[in-house]
Every structure is written in structure tokens, then in C-alpha cells.
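The values are calculated or read from the model by the stated rules, or taken from the named source; none is laboratory data. Predicted model only: the values in this text are computed from it and were never measured. We place every Cβ from the backbone using ideal geometry, glycine too, and count neighbours over all the protein chains shown. Note: areas computed on protein heavy atoms with side chains; ligands, DNA, RNA excluded. Shrake-Rupley method; radii C 1.70, N 1.55, O 1.52, S 1.80 Å.
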Amino acid sequence: MKVVSKDLRRLVWGDRQADRVVPPTGFTAHLTVFAAGAMAFLAVFAMALSLASGRLAVRWGDELARSSTIRIVAPLDQRAAQTEAALGILQTTAGVAFARALDDAEQQALLAPWFGADLDLQALPVPRLIEVIEEDSGFDAAGLRLRLAAEVPGAVLDDHTQWRAPLVQAANRLKLLGWLSAALLGVSVAAMITLAANAALAANAQVIAVLRLVGATDRYIAQAFIRRFTLRAFGGALVGSVIAMTALLFLPAASDTGGFLTGLGFQGWHWFLPFTIPLLAACFAFFATGAAAGRALKRLA
Amino acid sequence: MIELNNVAYSYGGGALLSEISLKLAPGSFHFLTGPSGAGKTTLLKLCYGALLPTSGEVTFFGDDLRKMERDGIAVLRRRMGVVHQDCQFLNHLSVAENIALPLSVSGRHVDAAGDDLTELMAWVGLTHRADALPPELSGGERQRAALARAVIMSPDVILADEPTGNVDWEMSQRLLRLLVELNKMGKTVLVATHDLSLIRAAKSQVQARVLRIANQRVQLAGADL
């Protein structure tokens, strides 16, 4: 533990003498920082996408599973009576927590996007909707359908499963894809750093040989490279993440007019998650450079 | 200090060195000579652990090379100064920083050794070149810088591979005097060279033994030199 903390301290604060033994490389350094930044930027979006689809799946799964709708399709003069009858049946149905008929104003609001706000519902044979909220145990949909069919001929029970399931599945799939993308970006950062570190080690073969000759340990030599690439990956990824988060901050928020779509972005403590990306990039860089340096040094006498 | 016991070394093709037994005693001065390609550099590399013998054993200060870890060899090199014919430096650091490099890689503070460094630079005559970059140095200056770098840790042994290969006679005499001075300070010195006149010149200054590589073996050369 003591050794690790010493290493970590050396990694962060560095050893001015050790840093200088590897010659500075302007162009490739900038490329490494840029690539790390770009990947972090994409990773933040993949993460936001995953979290948003996760929220969507939970919302659809949760809220819609708890509710059903009964449509009363009946001639205008029988509609009120059939609605009453249906509500009566629902009150005696086990598993129904709450049931109520939507009033005209609510139905109008639902139809407004299609017909405009000035629609006169009385003039149209619009079915009456009854919102049914289930208890956790749920109710027996088939049994309820049979009872409704017997007593309220105009009632149609829609328990939402038909269209809910594929949506929840799609949202879950999207979430999975998002995490997969984030993971792939992480692996790409590691691959990119390995390539850059290998190139740097090859370009500095003479430096390494000289250091070996004058008694430098493998650890000392590797440290100079590891520190460099870890800091580059961390810095680049930090800038990329912050830019991506700023972009997400200025996305339009989820609103009622947006319908059931939730805002792409982070909510609550999720805003801290993108900060793990620079840390992960630094970890990947640390181990990738360490492995590359280890391989390169083993070949030297 | 360095002991080779019945050592053989072969490259992919065939044997280069065989049945080599050699003992470098503390304070001794050895020349290693032989035609080009005879294996002088290989023997020297065996002596500082850059190559492992194909058979036989090499011991440093009593420790078996085969049992040493890579870090052990690194620490060992701090007790040996090595000078190559084509000495390499870190080209982006100044001559002074290059000479102090063994100090910084072993974790010592270069600033603390300030006086030693100044003295050493004066001893090899490079004080005025302290801030120059290695590519700006002449062949002789490079060799002297390499020698200074080799001795800054005050090593017990100095191994030099053709240190005078790239310099004129005047400069090789100067390098030889530096090596002789180090030997008089108690350091063990092994110099590989094909330059017999250098060996003859040394004979008047120091009691040197001459080892010759011939037919894959090392023999103690007679007084004919």
C-alpha cells in the first residue's frame, strides 16, 4: 500500500529529473491528447444515451404496467350508463386500486394535437376512456374482459402490454448499445495509447539503451513514459468530457410537448458520472503504457 | 570483482568464445586485444551483464549473473562504468546533464553532487562545454564525456570498449592518462583495443596485463608487446 501511494504520488507530482530523460515530442503528444479528448466526448454521449434510454425503459415499464385503459364505445345516449356499469365492475374487481372516467376536458386535451383545441366533443361519438390503476399484484385481465363483455358490451380493455413490451425492449436494447459503445470507446482509448506508447518507445530506443547502460531500472524508464501518457490521456479526456457535458447542458430539456421522450442528458447525481471517464482513460493509459514499456524493455539487455 | 568461469558464447551460427576463464582482481589494469571480430566487444558485454553466456558462469562481486533480476543488473551497472567506442548520449540534454545522468537515474540529487560534477568536468577538460549538446561535441570530447559519465558514480570497475577508436593519437594518449589515473585511485580497468601502440604506451605508465583473444580463447599475451 505504501509503495502504491508512493508510486501514485510520483505519478501525479512527477520527478523533474526523470521527466527530462525522455525528449519532448510536440506533434504526437498533441495527437494523443486530441484523440483521448474526442473519444471522451463520444463516450459522454454514449453514456447519456444509455442513461436516458434506461430512464425511458423504467418509466414505460413502471408506469404503463401499473395502468390500463377501458374504452367505452357506445351510442351517445348509452355511453354514460355503460361507463357507470364498467366503473361498478371495476370497483368489485380484485387488484384494481383505482378507476375513474376521464372528463370531457381531459379527453379534449388528449385529442387536441390531432383536432385542435376548439373541438366540440358532444358532436362526435368519441369513446369515453376509463383510467385503471392496478395494485402491485395486478388483476386478471382475461377475467375482467369476460365480465365486461357480459355486462358492458361497448367496453374494450386495453392493458397496454401489446405496445408496451416492444417499446421497453427497444429502450433496453438502446441502453445496452449505449454502454457497449462506451466500453468500446474505452478499449479504443487503451489501443490508441498502446500504439502511441509503442511508437514513443521505438522512437526513443537509443534513450532507453543509454538509460539501461548507466544503471536505470526498468521501473525508472517505464515511469517516464507512463507518467507522460497517463497525464495526456487524463487531460485530453477531461477536456473532451467537459465539452460534451456543456453541449448536453444546452440541449432542450424534456417537456410535456416532447411527449413520452425523456431529455437526452444527465439528471441529478448522474452529472458526476462523466467525470469517471477521464479517470478511466488515465487508468487505461497507465496500464497500457506500462504493458507496452514492459514488453519493450524485456527485449533490451 | 568480475569472474568468468569456463564461459562460452555463441551467436546463432557458431561459437565465438569458448572455455574462457578470467578474473578481474580489484585494482588491476587489463588490456583486451585481438583482431576485429574476435569477440572483444562480446567479452566486454559478458563482463557487464548485457549478454548471458551460452554456458559457464559469470559472477559480479560474488553474485551469479544468472540469478540476478533485471533490476539487480541495473543496480550492478551503477558500480561499473562502461565506455563504448560509439558512445551514446541523450541528445536533448546538455553535456553536464548527460554526465550526471547516472546520479539522477539512481535517485540521487544532481544538485547535491554539484562540486563533484564541476571537478569531474574539469578533470576531463570539458568545463567550457558543459552547456553544449552532445551532437555538438567532437569525437575526443564525446569520449571524454562518456568517461566522465562512466566514473561519476565512483564505480569499482571501468570497462572501455575501443575508447580511442575515433580519436587521434594525441587524444588517445590523454584518454589513456585518465584511465591510468583512475587505476591509480584503485579502480579496476579493462580496456578493449586493437591499438597495440596504445598498449605499449601504457606499459610505461602502469602495470598492465594484456589479454589476447585468439581461436575463441583468451590467452595472457607475453612480453613481446
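Note on the protein assembly as shown: Cα-Cα pairs beyond 33 Å make up 61% of the total pair count. Remark: the A:Ala203-A:Gln169 segment gains 7.2 nm on full extension, using 0.36 nm per residue and subtracting the alpha carbon distance. Quick one: of the DSSP bridges fully inside the protein assembly as shown, what percent are antiparallel, nearest 5? Taking every DSSP beta bridge with both residues in the protein assembly as shown, the antiparallel ones total about 65 percent. Using R0 = 25 Å, the C-beta based FRET efficiency linking B:Tyr11 and B:Asn166 works out to 0.50. Projected label points at A:Asp19 and A:Leu146, each 7 Å from Cα along the beta carbon direction, are separated by 8.0 nanometres.
What is the sum of charges, Lys and Arg at +1 and Asp and Glu at -1, for the other residues whose Cβ falls under 13 Å from the Cβ of B:Ala201? With Lys, Arg at +1 and Asp, Glu at -1, the neighbours total +2.
For region A:74-153, relative contact order (Cα pairs under 8 Å, six or more residues apart, normalised by length) works out to 44 percent. Overall size of region A:30-169 from C-alpha positions, given as principal axis extents largest first: 77, 41, 20 Å.
Computed extension gain for A:Leu195 through A:Asp136, at 0.36 nm per residue and net of the alpha carbon distance, reaches 15.8 nm.
Here the scattering of region B:63-168 is modelled by Debye summation over its C-alpha atoms, one equal scatterer each and no solvent; at q = 0.13, 0.15, 0.22 Å⁻¹ the log10 of I(q)/I(0) is -0.47, -0.62, -1.22.
From the alpha carbon centroid of region A:125-171 to that of region B:83-127 is 86 Å. Taking Cα centre as origin and charging only the Cβ of basic (Lys, Arg, +1) and acidic (Asp, Glu, -1) residues, the dipole magnitude of chain B rounds to 540 debye.
Run the Debye formula on the Cα coordinates of chain B, all scatterers equal and no solvent, and tell me log10 I(q)/I(0) at q = 0.11, 0.12, 0.16 1/Å. Cα-only, vacuum Debye calculation for chain B: -0.54, -0.64, -1.14.
When +1 charges are put on Lys and Arg Cβ atoms and -1 charges on Asp and Glu Cβ atoms, the dipole computed for the protein assembly as shown relative to its Cα centre reaches about 2680 debye.
Based on DSSP H runs of at least 4 residues, each adding -39500 (n - 2.57), what is the mean residue ellipticity at 222 nm of chain A after dividing by all its residues, to the nearest 500 deg cm²/dmol?
Computed ellipticity for chain A at 222 nm equals -22500 deg cm²/dmol.
Once the Cβ-Cβ distance of B:Arg177 and A:Trp271 is raised to the sixth power relative to R0 = 45 Å, the FRET efficiency obtained is 0.05. Near the amide H of A:His160, within less than 5 Å, lie the amide hydrogens of A:Thr69, all on another chain or at least 5 residues away, with H placed in the peptide plane.
What number comes out for the charge environment of A:Lys298, summing +1 per Lys or Arg and -1 per Asp or Glu over other residues with Cβ under 10 Å away? With Lys, Arg at +1 and Asp, Glu at -1, the neighbours total +2.
With the largest listed first and rounded to whole Å, the semi-axes of the equivalent ellipsoid of region A:74-153 from the Cα gyration tensor are 26, 16, 9. Computed from label points 7 Å out along Cα-Cβ, the spacing between B:Asp86 and B:Asp111 is 3.8 nm.
Spin-label model, A:Leu119 to B:Lys23: label points 7 Å out along the Cα-to-beta-carbon direction sit 10.9 nm apart. For region B:25-115, the list of GluC sites (Glu not before Pro) that fall in a loop by DSSP and count at most 12 other C-beta atoms within 10 angstrom reads B:Glu69.
Rolling a 1.4 Å probe over the protein heavy atoms gives region B:88-154 an accessible area of 41 Å² per residue. DSSP finds beta bridges in chain B, and of those with both partners inside it, around 50 percent are antiparallel.
Qualifying trypsin sites (Lys or Arg not before Pro) in region B:86-185, where qualification requires a DSSP coil assignment and no more than 14 other C-beta atoms within 10 Å, are lacking entirely. Relative to the compact-globule estimate of 2.2 N^0.38 Å, the Cα radius of gyration of chain A comes out at 1.61.
Only helical DSSP H runs with n ≥ 4 go in: add -39500 (n - 2.57) per run for chain B, normalise by residue count and round the 222 nm mean residue ellipticity to 500 deg cm²/dmol.
It comes out at -9000 deg cm²/dmol, rounded to the nearest 500.
Buried surface for the B/A pair, taken as the accessible area of each chain alone minus that of the pair with a 1.4 Å probe, is close to 2100 Å² in total. Projecting the Cα atoms of A:Phe234, A:Thr289, A:Gly37 onto the dipole axis of the protein assembly as shown, where Lys and Arg carry +1 and Asp and Glu carry -1 at the beta carbon, places A:Thr289 farthest toward the positive end.
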